[in-house]
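Student: Next up is a structure, given as structure tokens.
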Amino acid sequence: MKKMLAGVAAILLLAACNRFEKLPNGIEYKIVKTSDDARMVAAGDNLHIHLKGIIEKNDSALFDSYKNNKPYYIPAGEPTLKDLFALLKKGDSVLFKVVADTLFGNFGEPLPPGVEKGDIISFSASLVDIYNPQEMQKKIDDQNQEFLVKDSIALGSYLNGLKDVQITKTGLKYQVVTAGKGKAVKKGDKVTVKYRGALLDGTIFDETKPGTPEFTFTVGAGQVIAGWDEGFQLMKEGDKLKLIIPWNLGYGPRGSGPIPPYSTLLFDVELVKIN
């Protein structure tokens with residue numbers, strides 16, 4: 001009898017460990033790993049956290065930071081998950097379930113393709129680290145300094161041996177590849193151009209391609225990055241230039257898509273015509 005009771009107790013304990021608990025906002029969760037002496041999440045913290053989201057109805061992945069080992073930075077006060085995050089410590093892993101329209105609705109975003117109203121998204125998450133506002137700012141400052149140093153070294157290497165490079169008062173550098181014979185651009189002109197944009201390591205992030213619509217914009221109207229608005233005012237129809245655009249005339253401290261923060265940009269540009 002004692003052995004039977006012990007067995008039943010073990011089964012009940014296992015079931016309790018596997019049971020999801022529920023928060024007042026309806027999120028079901030289960031903390032599957034914890035350390036009693038680890039740092040607890042506090043209000044105002046920023047979390048460095050791995051997340052994998054699966055649509056339950058078809059077991060398809062929405063996103064997975066584990067795959068490329070790039071955890072997300074999420075504020076502890078994120079509207080949908082703040083009550084769950086408040087239960088976690090550094091190093092914890094947690095499973096939780098959220099109704100899709102609740103999650104994305106709080107961000108004011110439409111449901112992703114393949115996700116319908118009422119769908120349940122199952123998450124697995126691991127809390128890698130916790131930063132209070134001061135720690136987060138220091139991390140940002142340190143990372144920005146790394147970007148700046150890396151860009152400065154790469155720019156110096158790129159410019160070494162490059163001939164006939166001219167520089168403007170703003171720091172824009174350019175090299176005339178082919179001199180055209182057409183009329184000069186002035187602010188307010190609408191121009192048609194060809195271009196190829198690359199990073200200092202040679203990665204091409206954008207370019208015009210044969211068969212695609214021509215790219216046109218109004219010079220000086222703020223429709224493009226500042227380096228373009230300035231650079232094209234140095235050109236005539238038929239000109240081909242290499243523009244070396246510093247980060248403050250490009251995408252700045254935030255970057256954009258494949259362009260990292262504080263990146264010097266290389267553009268091979270051709271002024272096809274002034275419209």
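Student: Given the Cα atoms of the range 68-145, and with Rh set as the inverse mean 1/r over their pairs in the Kirkwood sense, what is Rg to Rh to two decimals?
Tutor: Here the Rg-to-Rh quotient is 1.02.
Student: When only Cα pairs under 8 Å and 6 or more residues apart are kept, what is the percent relative contact order across the range 163-274?
Tutor: Relative contact order, the range 163-274: 35 percent.
Student: By how many degrees, between 0 and 90 and to the nearest 10, does the Cα long axis of helix 2-18 differ from the longest principal axis of the chain?
Tutor: Helix 2-18 sits roughly 20 degrees off the main axis of the chain.
Student: What is the distance in Å between the Cα centroid of the range 54-96 and that of the range 156-227?
Tutor: Between the Cα centre of the range 54-96 and that of the range 156-227, the gap is 42 Å.
Student: If you average the sequence gap of Cα pairs under 8 Å that are 6 or more apart and divide by the length of the chain, what percent do you get for the contact order?
Tutor: So the answer I get is 16 percent.
Student: If you fit an axis through the alpha-carbon atoms of helix 133-159 and take the longest principal axis of the Cα set of the chain, what angle between them do you get, 0 to 90°, nearest 10?
Tutor: The angle comes out near 30 degrees.
Student: For the residue pair Lys181 and Arg196, what label-to-label distance in nm results when each label sits 7 Å from Cα along the Cα-to-beta-carbon direction?
Tutor: According to this spin-label approximation, the distance is 2.6 nm.
Student: Sticking with this structure for a sec: Could you check how many percent of all C-alpha pairs in the chain are farther apart than 27 Å?
Tutor: 58 percent
Student: Rounded, prolate or oblate for the range 196-237? Axes are the square roots of the Cα gyration tensor eigenvalues, ordered a ≥ b ≥ c, and the cut-off for rounded is a/c under 1.5.
Tutor: oblate
Student: Still on this structure, I have one more. What distance in nm separates the simple spin-label points at Lys240 and Glu21, each placed 7 Å from Cα in the Cβ direction?
Tutor: 6.7 nm
Student: Please state the shape class of the range 20-135: rounded when a/c is under 1.5, otherwise prolate if a/b exceeds b/c and oblate if not, all from the C-alpha gyration tensor.
Tutor: Prolate shape, in that a/c is at least 1.5 and a/b is the bigger ratio.
Student: Oh, and also: Which semi-axis lengths, in whole Å and largest first, follow from the square roots of five times the eigenvalues of the Cα gyration tensor of the range 116-237?
Tutor: Semi-axes from the Cα gyration tensor: 38, 24, 15 Å.
Student: If you don't mind, another one. How much length is gained on full extension from Thr203 to Ser35, taking 0.36 nm per residue of separation minus their Cα-Cα distance?
Tutor: Full extension of this stretch gives 56.2 nm more.
Student: Which of the residue pairs Lys186/Lys236; Lys194/Lys236; Lys30/Lys52; Lys169/Lys194; Lys70/Lys150; Lys22/Lys52 have a Cα-Cα distance greater than 18 Å in the structure shown?
Tutor: Beyond 18 Å between Cα atoms: Lys169/Lys194; Lys70/Lys150; Lys22/Lys52.
Readers should treat all values here as calculations from the given coordinates under stated rules, not as data from a laboratory. Treat the numbers as computed from the prediction; the structure is a model and nothing was measured. Neighbour counts run over all protein chains shown; Cβ positions are idealised from the backbone, glycine included.
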